[in-house]
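Novice: Here it is: the structure, laid out below.
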Amino acid sequence: MGSYLRTLKILPVDLKTPVSFNLPKEYSFIKTFLKKYFLESEDVTILTNYKHLVSLVQDREPVSPVPGLTLREAKQVWRNAAHPALQNRHKDLSWMVAHEILPVRAVMHSRGMAKNPICPRSGCNSPETVHHLLWECGAARDLWAKTGPLYFPCLPAGGAQFGYQLAILGVGRGLKDLTAQEFTSLWLTLNVIKDAIWATRNLLVGKGVTVTLHACELKVTSMLQGYRTTIFGRGGR
């Protein structure tokens, strides 16, 4: 093991200390990992820094495309979906939304698992796609408008145009000006609103319960307060 680590300059060369030229089986995963991601030629300051190493590996992993986005934006979408501040169910929701495989009627109908692709909301005759559910449907538009005071303060003044890509995927112009904490606050808020839209839709489809806009707004506020208490503390954003 010492011989391999000396080659990478992780261990200093000490001719007075014996080394093993054959890598022990228990440590072979280190060499396998470094070879897989072509890291053996990297500087020792990167190989011994966990954050730098993870960032480098993430940049070299193949990226699943996201319709309508550049490769760079797609990378950011997948980082957002795995944001460490998100609860697991919100990570799952973000992942399915980005892949456009959330089990809405249009998706289920295309797979022969729903009778029709039409939105279940009363008076809405459009196909229930992921985009329609979270952005175009009247119920979604009403909630986004009602909860605007929750997320607009998190946006840079005049720096970001609020639209589908920003609200649903967390990418857009102007976001680079946000600090890490400001983006986290914004991203949590957006995910809580999406969760409320999805949860109330499922109550309608599964139990025939129509949730009022006011009740939906209260649900958003309650979930967001729980996030703020957990992530930022009781006096947090």
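Novice: Can you find a residue that is of a type in the set (K, R), assigned to a helix (DSSP H, G or I) and over 18 Å from Q87 (Cβ atoms) anywhere in region 164-177?
Specialist: Yes - at least one qualifying residue is present in region 164-177.
Novice: Just to be sure, is A167 among the small types (G, A, S), surrounded by fewer than 21 Cβ atoms within 10 Å (Cβ to Cβ) and within 18 Å of H90 (Cβ to Cβ)?
Specialist: yes
Novice: A follow-up question, please. Mind checking which helices (runs of 4 or more DSSP H) fall wholly inside region 71-138 and carry at least 1 residues that are in the same structural domain as L203 (by TED's automatic domain parsing), modelled with pLDDT of 95 or more and of a type in the set (D, E, K, R)?
Specialist: 88-99, 105-110
Novice: For region 118-153, give me each residue that is within 26 Å of A74 (Cβ to Cβ) and touching a strand residue (DSSP E or B) at 6+ places or on another chain (Cβ under 9 Å).
Specialist: Scanning region 118-153 gives P127, E128.
Novice: Can you tell me which condition T200 does not meet? The list is (1) at pLDDT 95 or above; (2) under 19 Å from K91 (Cβ atoms); (3) polar (S, T, N, Q), and all the others hold.
Specialist: Evaluating T200 over (1) at pLDDT 95 or above; (2) under 19 Å from K91 (Cβ atoms); (3) polar (S, T, N, Q) leaves (2) as the failure.
Novice: For I30, only one of the following conditions fails: (1) assigned to a helix (DSSP H, G or I); (2) within 24 Å of Q181 (Cβ to Cβ). What is its number?
Specialist: (2)
The values are calculated or read from the model by the stated rules, or taken from the named source; none is laboratory data. Here the structure is a predicted model, which means the values were calculated and not measured. Positions of Cβ are generated from backbone atoms using ideal geometry, with glycine treated the same way; all protein chains shown enter the neighbour counts.
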